[in-house]
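In what follows, a structure is listed as structure tokens, so that the remarks can point back to it.
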Amino acid sequence: MKKRKGIWALVLMLLLSLALVGCNSSSTSNEGEPDDSTDDNGTEETAAGGQLVFGRGGDSTSLDPAATTEGEAFKVTVNLYETLINFGEQDTEIHPGLATEWSTSEDGLTHTLKLREGVKFHDGTDFNADAVVYNFERWKGGDKEQFYYYNSQFGDKIDSVTAVDEYTVEFKLNTPIAPFYKNLAMSPFGIASPTAIEEHGDNFFKNPVGTGPFKFKEWRENDRITIVKNEDYWQEGLPKLDEVIFRVIPENSARLNALATGEVDLIDGVNFSDKETIESNPELQVFERPSLNIGYLGLTSTRKPLDNKLVRQALNHAVNKQEIIDAFYAGAADPAINPMPPVVAGYNPEVEDYEYDPEKAKELLAEAGYPDGFEMELWAMPVPRPYMPEGQKVAEALQKMFEEIGVKAKIVTYEWGTYLEKANAGEADTFLLGWTGDNGDADNFLYVLLDEDSIGSNNYSYYKNDEVHELLLKAQASSDQAERDELYKQAQVIIKDDAPWIPLVHSTPLLAGSANISNFLAHPTGSDLLSSVEIKN
Amino acid sequence: MLSYTIKRLLSLIPVLLGLTLIVFFMIRAIPGNPAQIILGQLATEEAVAELTKQLGLDQPWYTQFFLYLGGLFSGDLGQSLRTKSPINEEIWPFLAATAELALCAMLIAIVIGVNAGIISAWFQNSWFDYVAMILALVGVSMPIFWLGLMEQWIFAINLEWLPTSGRENVRAPIDAITNFYIIDTIIQGRFDQLWIVIKHLILPSAALATIPMAIIARITRSTMLEVMKSDFIRTARAKGLRMFWVVYKHSLKNAVIPVLTIIGLQTGLLLGGAILTETIFSWPGIGRYIYEAINYRDYPVIQSGILVIAVIFVLINLIVDLLYAVIDPRIKYN
């Protein structure tokens, strides 16, 4: 008897599940008829004129901008917090932000900022000089490891920040910081509500409160972050959107698919090769992010034979940059000559690139004592970045070019965290890497990436030149922009000759959106302010 | 049976202990200091040293291990280094998301796989048998990445039947209660949302089902073929029983044990192995939760995440073992 029951139950289960799947698939096909699928997907009914879904590749790590260096974090926080100084809509010029006017003393050591009145944080706390002082005290006095950007951009150079009156703040420095105002405009220095910081303590990074056009609503890890309109925003009529949802869609092609079906309205990290497809679709549009980046091949100058300048120059002569750009950037990049893009003040247009000339490269190698070439490792980035969308393929192209001059490159790669750490420890012969500028200042490229002080942080190629070091420090301390430009130009000449890198490209990162979106301007720093964006449904 | 179950459960303890130890060391074998990675490229050396200390990573491995183990015994999975939240709380939504996906996938895989296997065996060497087995071969070797993108392209973009990715319509999100969205929407009586949830489930679970479905079909077919050659089947046929009953009742019952074993193993594998599907369909599941943790060297999350999956895997297989006895009275556990 028992035996019977068992088998019947099993058969019944199988048949039932068969029936279930049957009805599942049949209803799926029924549903293809009219357009009710879009309804179900919810595009129409709920988006009452103001919901934007932004698809991106990764989740934020923190919503406390001061406590992170991650670009995905700033994409959200730039909409929640405001800085004392603002960047331009699509450049890194300085404009009034939470500070309306500012002045600098003759010696460049005292900066006085007048603050905007009548601004409130999302939690109702007043924005005033005390709040600004509170934030700077927090960054300065807090756990040092937590606030890297404060430490790298200001660090010990700020002596004191004081509230002169309710709406005036005074910064006293012990050394002039040339890009002081540009630094203030960087997303990490968004001013947060002191009340909220006190209230949430260590969990403030999950409960952000600023003065920005949007308020934080919800964060579902690895899935989405929702921010909503700040009804009391001080700028009349802004923001236009009611709600922005940042959705994580890790895979580039899947993200584009989601855009094509209307599940998301705007995506970043568009493959260069998809540009034409998107442009040919009347329901979509492409947005270009003005270039503020550099993709390069680092030549670690502490490793043999790359410690020989002639060898580094030879490798520079071996690379055909245009070929790489045509193949992997769909033309949306410019060949790089200097370690920073031409939009940065102080760029030296007179520096000439090593022309593509394998013969000359071979001569230089012979002169250096390597007439038959040599073997080396070439590290390929394991993750796509706007400046290096396909690390592996670029590495293969370079490998081929090097082979022409007799240099045998072995391609190696590691998981990203390991890659950075090993390269940082000087273990790579040559490695692909890049940088996107934080504030559009030359210091943020040349000093951060190539000064000897930055060895161990971002100077992965272990490049060290006393003359360059002196020039860069001098430029850092000068408050005369013309003088700084001159110093940076000199530095670039020396760097070019020393050839610590093969600068490859300045790419134009691509975004795509539905044709309904207007007023979206992609910012060169990668953090896009969405307050004026409109969406028609 | 009860004593057997208890014995099996007890024997899990050394297994899990060993597993914990292996995972603990494997993770520490990955190069990279979590403090350095958490702090990012700009961190100073002192800062890294200080955070290392704060995280307890400067202590000898056995201290770290026993601290962790002690926590486990009191039901504490530890705290995420990155989000600073208790993993007990944090892990549930990811686990539920993957479980929902994996169960749907297994449902598809079992129903289609078992039936395809049965029919192939029934009509051995028929065109159905050939087509099914070729498809099964293709299914086993199907790259999920490609399959997933093709599914999206056909069913979402061209036919516009289904959404490409995610678990729900983010424009009108679901209030999570159990985090099994099918259950959540039913509890809340939101049948409109239930439909959306099901639509989101179809493509990823179909992609995830492909491989287990193919394996199940092949195993079912071969064991069924064997059983159908046996004497009692011939007797049943001779008795004049209808072929349908012979196949679905007498043969299947005798062929079901190996099939059940495979189903158990595959279900366990899907829980941890759904990462590719989760990536293509941006499914916020446990696979990606652990994967992200690896990128950040979030040791506690990696450890506990793997442990949780392992425990579930072992439990599923225990259930399968117990089911043997339910199905086949000849199997007795003493």
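The values are calculated or read from the model by the stated rules, or taken from the named source; none is laboratory data. None of these values were measured; they are calculated from a predicted model. Note: ideal-geometry Cβ built from the backbone for every residue, glycine included; neighbour counts use all protein chains shown.
Summary table
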read-out	value
Any hit, the range A:409-422, residues being more than 14 Å from every other protein chain (Cβ to nearest Cβ), of a type in the set (A, V, I, L, M, F, W, C) and crowded, with 18+ Cβ neighbours inside 10 Å	yes
A:Leu472 being buried (at least 23 other Cβ atoms within 10 Å of the Cβ) and in contact with a helix residue (DSSP H, G or I) (Cβ under 6 Å, 6 or more places away or on another chain)	yes
Strands (runs of 3 or more DSSP E) wholly inside the range A:44-153 that include at least 1 residues being touching a residue at least 12 places away in the same chain (Cβ under 8 Å), closer than 18 Å to A:Phe189 by Cβ and touching a helix residue (DSSP H, G or I) at 6+ places or on another chain (Cβ under 9 Å)	A:85-87, A:94-96, A:99-104, A:110-115
In the range B:160-185, the residues that are hydroxyl-bearing (Ser, Thr, Tyr), part of a loop (DSSP other than H, G, I, E, B) and more than 8 Å from chain A (Cβ to nearest Cβ)	B:Thr178
Qualifying residue in the range B:258-265 (condition: under 16 Å from B:Ile309 (Cβ atoms) and within 9 Å of chain A (Cβ to nearest Cβ))	no
Residue satisfying condition, being in contact with a Pro (Cβ under 7 Å, 6 or more places away or on another chain), farther than 18 Å from A:Thr436 by Cβ and modelled with pLDDT under 95, within set A:Ser253, A:Ser273, A:Ser301	A:Ser301
Test: residue in the range B:249-264 that is at pLDDT below 85 and outside any helix (DSSP H, G or I)	no
A:Asn183 being free of Cβ contacts under 8 Å to residues at least 40 places away in the same chain, surrounded by 17 or more Cβ atoms within 10 Å (Cβ to Cβ) and within 14 Å of chain B (Cβ to nearest Cβ)	no
Residue that is under 28 Å from A:Ile227 (Cα atoms), within 12 Å of another protein chain (Cβ to nearest Cβ) and more than 20 Å from the chain's Cα centre (by Cα), where the choices are B:Gln193, B:Gln188	B:Gln193
Selected residue [assigned to a helix (DSSP H, G or I), closer than 30 Å to B:Lys53 by Cα, in contact (Cβ under 8 Å) with a residue 40 or more places away in the chain and within 11 Å of chain A (Cβ to nearest Cβ)] from B:Ile91, B:Ile118	B:Ile91
Subset of the range A:496-522 that is out of contact with any strand residue (DSSP E or B) (no Cβ under 7 Å at 6 or more places or on another chain) and within 15 Å of A:Ile267 (Cα to Cα) - its residue that is surrounded by the fewest Cβ atoms within 10 Å (Cβ to Cβ)	A:Leu521
Residue count for the range A:407-444, restricted to those that are under 22 Å from A:Glu363 (Cα atoms) and in contact with a Pro (Cβ under 8 Å, 6 or more places away or on another chain)	0
Selected residue [of a type outside the set (Ser, Thr, Tyr) and in the same structural domain as B:Ile182 (by TED's automatic domain parsing)] from B:Leu107, B:Leu12	B:Leu107
Filter result for B:Ala310 (crowded, with 16+ Cβ neighbours inside 10 Å, outside the structural domain of B:Pro34 (by TED's automatic domain parsing) and in contact with a His (Cβ under 6 Å, 6 or more places away or on another chain))	no
First in the range B:286-312 and at the interface with chain A (Cβ under 10 Å from one of its Cβ atoms), second anywhere and crowded, with 21+ Cβ neighbours inside 10 Å and of a type in the set (Asp, Glu), Cβ under 6 Å, 6 or more apart	B:Arg288/B:Glu278
Boolean, A:Ile191 is in contact (Cβ under 8 Å) with a residue 12 or more places away in the chain, over 24 Å from A:Ser514 (Cβ atoms) and surrounded by 18 or more Cβ atoms within 10 Å (Cβ to Cβ)	yes
Lone qualifier among A:Val270, A:Val248 - being buried (at least 22 other Cβ atoms within 10 Å of the Cβ), in contact (Cβ under 8 Å) with a residue 60 or more places away in the chain, more than 7 Å from chain B (Cβ to nearest Cβ) and not charged (D, E, K, R)	A:Val270
Filter result for B:Ile290 (surrounded by fewer than 21 Cβ atoms within 10 Å (Cβ to Cβ) and out of contact with any Asp or Glu (no Cβ under 6 Å at 6 or more places or on another chain))	no
Lone qualifier among B:Leu17, B:Leu42 - being at pLDDT below 70 and of a type in the set (A, V, I, L, M, F, W, C)	B:Leu42
Hey, A:Tyr134 at negative phi, aromatic (Phe, Trp, Tyr) and within 14 Å of chain B (Cβ to nearest Cβ) or not	no
Of residues in the range A:54-86 being touching a Lys or Arg at 6+ places or on another chain (Cβ under 8 Å) and more than 14 Å from every other protein chain (Cβ to nearest Cβ), the one farthest from B:Trp283 (Cα to Cα)	A:Ile85
Residue that is farthest from B:Thr277 (Cα to Cα) [pool: residues in the range A:251-265 that are at the interface with chain B (Cβ under 7 Å from one of its Cβ atoms) and of a type in the set (A, V, I, L, M)]	A:Ala260
Cross-chain or 6+ apart pairs with Cβ under 8 Å, the range A:426-437 first and farther than 14 Å from A:Glu70 by Cα, then in a strand (DSSP E or B) and of a type in the set (Ser, Thr, Tyr)	A:Leu432/A:Tyr296; A:Leu433/A:Tyr296; A:Gly434/A:Tyr296
